[in-house]
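Let me begin by presenting the structure, written as structure tokens, before commenting on it.
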Amino acid sequence: MTQINVTVDGISYSDEVEPRTLLVHYLREWLGKTGTVVGCDTSNCGACTVHLDGRSVKSCTMLAVQADGHQVTTIEGLAENGQLHPMQQAFHETHALQCGFCTPGMIMQAIDLLKDNPDPSDDEVRLGLEGNLCRCTGYQNIVKAVQTAAKAGGAT
Amino acid sequence: MTVTEERPTTEVGTPRRRKEDQRLVTGRTRWTDNLQLPGMLHLAMVRSPVARAKITSVDVAEARSAPGVLAVITGSDVADIQGSLPNAWPVAEDQKAPPHPAIAVDQVSFAGEIVACVVARSAAEARDASELVDVEYDELPVVLDLAQAAADTELVHPDLGTNVSARWVFDSAEACSGGNVEDAIQEARDGGILIERTYRQQRLIPAFMEPRSVVVDPTGEQTTMWSATQIPHILRLMLALTCDIPESKLRVIAPDVGGGFGGKLQVTPEEVVTLLAARQVGRPCKYTESRSESLMVAHHGRDQIQKLTLAAKQDGTVTGLKVELLADMGAYLGLVTSGVPILGAFMFNAIYKFPAYHFACTNVFTNHAWTDAYRGAGRPEATYAIERLMDELAQEVGADPLEIREKNWIKHEEFPFTTVATLEYDSGNYEAATAKARELFGYDELRKEQAERRERNDPVQLGIGVSTYTEMCGLAPSRVLGALSYAAGGWEHASIRMLASGKVEVVTGSSAHGQGHETAWSQIVADRLGVPFEDVEVLHGDTLVAPKGMDTYGSRSLVIGGIAALRAADKVIEKAKVVAAHMLEASPDDLEFSAGKFTVKGTDKGTGIGDVAFAAFHAHDLPDGFEPSLDAEATMDPDNFSFPHGTHLCAVEVDTETGRTTIRKYVCVDDVGKVINPLIVEGQLHGGVAQGIAQALFEEAVYDESGTLVSGSLTDYLVPSAVDVPSMVTDRTETPSLTNELGVKGVGEAGTIASTPAVVNGIVDALRPYGVSDVPMPCTPHRVWTVLQAAGASGGGAA
């Protein structure tokens, strides 16, 4: 077992975990952060995407021990004081989700995308989301959501 | 006529943002895998690595003594209690089907079949221990090729004596719905046009984003199952029958479900095993599949070979169609495996007036994972075939593909129209949808550009793909299902409770998993009852909360479940009117109801439905004989299917040097009847079209010669990403369905049904100058390039 200290959505945690524990399993099973989900086992789908020190990572591709000393933000930590993050609001406004399973990862990745490129073209949005799969929406409204959020300052 | 129909609508037709979203965008979700129950144990499945074998021994000793392991369950442990997984659609009286055990007992018939199950304290311990189960297999020859399977040279299930599960035939001459197709073919041979083609519908994997998960709590009087399923009600009944448990002792909950596309329309081995395990150990148990397991064993879709003969006159008027299908069932029959090709039987004639039609389907077992419903289920396959054939016919005649379609389709003024496949199409306007699509697409300009590119031998050729489709939705009239030997009905149930506070609870038997029922049903009921959208709560997906239902598939929810909700609302109003009349000291006949208010005609005396609900609740002063509370229920069993239709146009650029296809423009004009929420309709089309494009260009479940799934991860099975699918133009025409009060038709499968042939027709159209008349799906760059090379070698070439 290995000791880790991680801050997740503003709360600090100190735990002893098996070294093989993936970050996503630590989030879901230890911390009850079930907003972050597992969609595959090959890092293709991106459903588990969270932010590590403000940048997106697929939390199934990281061990919990690698998050030691870092700040993790999940979909559950985005809204502040009951106010949706502009990206969450944009996903809602543009109907960019249907079943919603890919949505947490998609939103976390989309925010990261705008950090790199606050004013992307549609093609740049698509490229930036290439690592996140959605089976419901055909991506069209997701692209629209990211553009809507970009105009609303969604990178922050 | 009820007075409610006079009130103006406000909610229906507006693009309401979805109620469901708030939870989903903030992660406050209830996926089955999120559940943690006190004392909960975890399951891992031991799966066969081989496709066909005798199981000679299963040694569980080491696994059973591994840390944290409470039980290891083998097929022989549960042979007497696991029953046989159900097939609800015996398509023929002499249909053959092998026993379908949840855990294989003495033989396995496809790679991935469960041979044992480990129950342990944690998921990791269960999985660790599952690797310690030692199974010995005596491998047997596999049957993978459909044609060989049909020839019975090697049998998947020797006890059946054949690989043919069933044969199902429809003939228009026998059904008296048309002529004899052999006559039409002979006439075509003698001076008309005869087109003979064989198309393959490759095997697809539904690949819903949420892997399947099931939790069973055996404590308490009712055993409760949470499952990532589309069908909590059907599942409950089928589990009861399969495992010989009283239905009343089971409760099934479908909490948030992350997509289905037909893939979660199933009674799965994993559900049965988790139920049996939980009952054995007496503690809650959870099983969540990995993506690899999901791709391997969650049922697949399509996988048919279609042998087609189209007969026509020289001018392009179709005189007959003959269809011979070979359909791969896989190793077993699932819930509706055998019926999927039969659903297609009614759609090969599509929007056209064919005078003669013959359909014959042979359902065949192989050593693949079993197939079953996948978005469209039989109808995409049929639509692909006929829309490809119409393009081939246009090519033969030398006419434009749209003209040849118009020559043959049912004209707007000819509705209602009884088709050669005996369905009565109630309404449609193919002319209007096509004209609109043509304009949005810039059809003539693109044809001009295509000619220019052909003229200059451009290495990147432009192709224009056409697909004018219809589909049968709103599955289904119970009497039709009965006539087709389906084991259940096709009705849907709803109940509405006006609460004392005036808020409204709508309970629907339809079970949403991304479709937006909570929003759409709220819009329907808010309008009908004249209450605010926000005051309506829609409840579903739990057999305790919604005891009656037939669940969600086949684009049925709105057309049947939505109408049930509407009718329940009308019954609430009728009941409320009696109370309102009493309150207003008037006759019910003198009341009118509008915008949530009962008014005495010709006066300003009135009362709101909320006040009536409160009066019905406190019951201090009700009319004699009126039972307190204001609620009602309704069950809708449709008289007919609904028939959405539309015209999809796709411009593709095909690089003849690399074989790469790029979709340049995609326009669809769909007629799904009246629209409750245009935002949701558009979203369904976007996603549906993307899934159909995926069949055309990317996806295929590939097995090697030993029967191992090669495309067993999302690295190998190409679910398209945002860069792989185009932005599309969607628009609508609105020809109301005449089969229900709202005029709605259903939209869940339309995009997927329409788009696959639109894309492939585009690719073939681009390559016609090279002598290409077909590209097998998926049309990967390699496939396109290979076809081009073969065409070049056989003397084809650019014009």
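The values are calculated or read from the model by the stated rules, or taken from the named source; none is laboratory data. The model shown is predicted, which means the values in this text are computed figures rather than measured ones. Glycine also receives a Cβ, built like all others from the backbone with ideal geometry; neighbour counts cover every protein chain displayed. Heads up: the accessible areas ignore ligands, DNA and RNA and are worked out on the full protein's heavy atoms, side chains in. Shrake-Rupley method; radii C 1.70, N 1.55, O 1.52, S 1.80 Å.
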In segment A:58-106, the residues that are closer than 22 Å to A:Lys151 by Cβ and buried (at least 24 other Cβ atoms within 10 Å of the Cβ):
A:Ile75, A:Met87, A:Gln88, A:Ala90, A:Phe91, A:His95, A:Ala96, A:Leu97, A:Thr103, A:Met106
What is the number of the single condition among (1) touching a helix residue (DSSP H, G or I) at 6+ places or on another chain (Cβ under 8 Å); (2) in a loop (DSSP other than H, G, I, E, B) that A:Gln89 does not meet?
(2)
Can you confirm whether segment B:88-98 contains a residue that is touching a strand residue (DSSP E or B) at 6+ places or on another chain (Cβ under 9 Å), buried (at least 22 other Cβ atoms within 10 Å of the Cβ), of a type in the set (Phe, Trp, Tyr) and more than 14 Å from chain A (Cβ to nearest Cβ)?
no
Of the candidates B:Ala500, B:Ala483, the one satisfying the condition of being open to solvent by 10 Å² or more (accessible area, probe 1.4 Å) and assigned by TED's automatic domain parsing to the domain that holds B:Asp551 is B:Ala500
Checking B:Glu653 against (1) acidic (Asp, Glu); (2) assigned to a strand (DSSP E or B); (3) under 25 Å from B:Val507 (Cβ atoms): exactly one of these is not met. Which one?
(3)
Exactly one of B:Phe415, B:Phe359 is closer than 25 Å to B:Val466 by Cβ and open to solvent by 10 Å² or more (accessible area, probe 1.4 Å), and that residue is B:Phe415
Tell me, yes or no, whether segment B:525-532 has at least one residue that is open to solvent by 40 Å² or more (accessible area, probe 1.4 Å), in contact with a helix residue (DSSP H, G or I) (Cβ under 9 Å, 6 or more places away or on another chain) and under 22 Å from B:Gly509 (Cα atoms).
no
Which of the residues that make up segment B:31-55 are assigned to a loop (DSSP other than H, G, I, E, B), within 14 Å of another protein chain (Cβ to nearest Cβ) and open to solvent by 20 Å² or more (accessible area, probe 1.4 Å)?
B:Leu35, B:Gln36, B:Leu37
Unmet criterion (only one of (1) in contact (Cβ under 8 Å) with a residue 24 or more places away in the chain; (2) in contact with a helix residue (DSSP H, G or I) (Cβ under 7 Å, 6 or more places away or on another chain); (3) of a type outside the set (Gly, Ala, Ser); (4) more than 20 Å from B:Val681 (Cβ to Cβ)) for B:Glu574:
(2)
Any residue at all in segment B:252-261 that is away from every other protein chain (no Cβ under 14 Å) and either part of a strand (DSSP E or B) or crowded, with 22+ Cβ neighbours inside 10 Å (or both)?
yes
Looking at segment B:299-311, which of its residues are among the aliphatic types (A, V, I, L, M) and surrounded by fewer than 23 Cβ atoms within 10 Å (Cβ to Cβ)?
B:Ile305, B:Leu308
Specify the residue that is nearest to A:Phe101 (Cα to Cα); the eligible residues are those in segment B:278-296 that are away from chain A (no Cβ under 14 Å) and surrounded by fewer than 24 Cβ atoms within 10 Å (Cβ to Cβ).
B:Pro284
Given the structure, is B:Gly474 under 34 Å from the mean Cα position of the chain (by Cα), open to solvent by less than 20 Å² (accessible area, probe 1.4 Å) and outside the structural domain of B:Val747 (by TED's automatic domain parsing)?
yes
For segment B:429-471, name all the residues that are open to solvent by less than 50 Å² (accessible area, probe 1.4 Å), touching a helix residue (DSSP H, G or I) at 6+ places or on another chain (Cβ under 9 Å) and part of a loop (DSSP other than H, G, I, E, B).
B:Asn429, B:Asp458, B:Glu471
